[in-house]
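In what follows, a single structure is set out as structure tokens and then discussed.
The values are calculated or read from the model by the stated rules, or taken from the named source; none is laboratory data. Only a predicted model underlies this, so the values are computations on that prediction, with no experimental measurement involved. Cβ placement follows ideal geometry from the backbone for every residue including glycine, while neighbour counts extend to all protein chains displayed. Surface areas here come from the heavy atoms of the whole protein model, side chains and all, with no ligands, DNA or RNA. Shrake-Rupley method; radii C 1.70, N 1.55, O 1.52, S 1.80 Å.
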Amino acid sequence: MIVSGICYLPRSSKRQNASIQFLPSDRIRLVSEQEQHEWLLSELTLSEPLGSVPRKVIFPDGTQFIADDQRVLDGWLWSGKGSWLNRVEQNTPMIAASLAAIVVVCVLLFSHGVPWLTGALVRVMPEQVSHAVGEHVLATLDDHLLEPTALSRSQQVAINTRFEQVVIALPSLSVQPRLIFRRWGNGPNAIALSDGTVIVFDSLVELAETPEQLDSVILHELGHIQHQHVMKSLVRSTLLSAAVAVMTGESTGLIDVFSGVGVFLVTQGYSRDAEEEADQFAAEQMLHLHGSVAPMQQMYELLKATAGEGDLPQWLSTHPKLEERIKVIAQ
Ligand SMILES: [Zn+2]
């Protein structure tokens, strides 16, 4: 097998016609216009082809050889002990396939890897973290958004007594829940915090026509607590920010996530899956406690009717198709 081409001798820019010949026992012979040399294949260096610059075979004495037909040379050099990458470089369909594979890996990493890592981190995270985050968020909300409740003492006691009975009837939660009341000008709503606190807004209490209807929203929030959605959202955001920080070398994203934790909860909300899990939990417990999901449907209808499209509670507004959600609960 002989590959023809040109060569440059050491310390010379003059090109010469040359050829290389592959010999038995992994030896190679270079024949130029002036001379002839033999080397072991293992002594050669190969430069990577770069765009229109062809691959060079560099011999130990500095002689450089460039084949007339790169593919013939590469076919020879890489057959048997070939480099995968070099074969890929010459194969456009394989490049496309490799890129597609990289995209698939990235998508899988984000769709499965991040949730898996999130779940694992939340599971091993000490309870003190959930408590510290919960307290911090409540303090932030109290400073910026919420006002003390205007509900009467007896109303608060009645709802809290009922809450305690509901909690006793539930499967044991990962944290001990508690119920507190606040006033918020942003429409009827309730919020769960990572430490097990459920904040019920006065407007929600006023909107509910029966205690069972109020139970359904509280159970929805307890569903978020049961599934540790708050910490999962926080950890997931932190992981994504960390990933972005690693990729871009920008670290302020991490600090933003930590400092903006209170606002994050109110503005970002949970994923669709998390809302469905919370609904599922609430629907199951409504059946268990009251033998019916009708109060939950009624409550969602009330919320929908009361709130203008713009200020639906965030846990409802994350689902444009509220009717679908109501149907799912009814099943
Ligand atoms: Zn929710």
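Quarter the surface of the alpha carbon convex hull of region 175-231 and you get the mean projected area, 3.7 square nanometres.
Note on ALA97 and ILE2: the extension gain reaches 30.9 nm, defined as 0.36 nm multiplied by sequence separation minus the Cα-Cα distance.
Express the accessible area of region 2-81 per residue in Å², computed with a 1.4 Å probe while the remaining protein chains stay in the model.
Working: 4750 Å² over 80 residues.
I get 59 Å² per residue for region 2-81.
Accessible surface calculations at 1.4 Å, restricted to protein heavy atoms, place region 163-202 at 38 Å² per residue. If R0 is taken as 35 Å, the Cβ-Cβ distance between LEU41 and LEU108 corresponds to a FRET efficiency of 0.30. For ASP195, the residues whose amide H sits under 5 Å from its own are GLY134, ignoring neighbours fewer than 5 places away on the same chain, with H placed 1.01 Å from N.
When the accessible area of region 2-81 is computed with all protein chains present and a 1.4 Å probe, what percentage of it is carbon and sulfur? It is 50 percent, rounded to a whole number. Take the Cα of ILE180, step 7 Å toward its Cβ, do the same at LEU145, and the gap between the two points is 1.4 nm. Extension gain for MET125 to VAL157 (0.36 nm times residue separation, less C-alpha to C-alpha distance): 8.2 nm.
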